[in-house]
1. Among the numbered criteria (1) surrounded by 10 or more Cβ atoms within 10 Å (Cβ to Cβ); (2) at pLDDT below 95, which single criterion is violated by SER63?
2. So, of the residues in the stretch 1-57 that are part of a loop (DSSP other than H, G, I, E, B) and of a type in the set (Val, Ile, Thr), which turns out to be modelled with the highest pLDDT?
Amino acid sequence: MSQWKNEDDIKADLRTLTQELRKLREELRGMVSHPKPSPARAILNRQSWPTSPDEPVGEAADSTDKRRKKPQKK
């Protein structure tokens, strides 16, 4: 027959197995869950784009007059 273990030994083994189970659960959760988007990516998507293709972009935008006159209504 097998030998009986001391209660303290059984508790120590149980603690070790519990720690291993927690590690395995965290690894599994990391494999299954969706990756969280990085905060930097959210900032990249907030770029302002020209509203029409006629508007100059880059250096051309700097050289034009910032105070464009809108057509007046009659």
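1. (1)
2. Only one residue fits best here, namely THR51.
The values are calculated or read from the model by the stated rules, or taken from the named source; none is laboratory data. As the structure is a prediction and not an experimental result, all values here were calculated from the model. Here the Cβ is made from the backbone with ideal geometry for all residues, glycine too, and neighbour counts use every protein chain on show.
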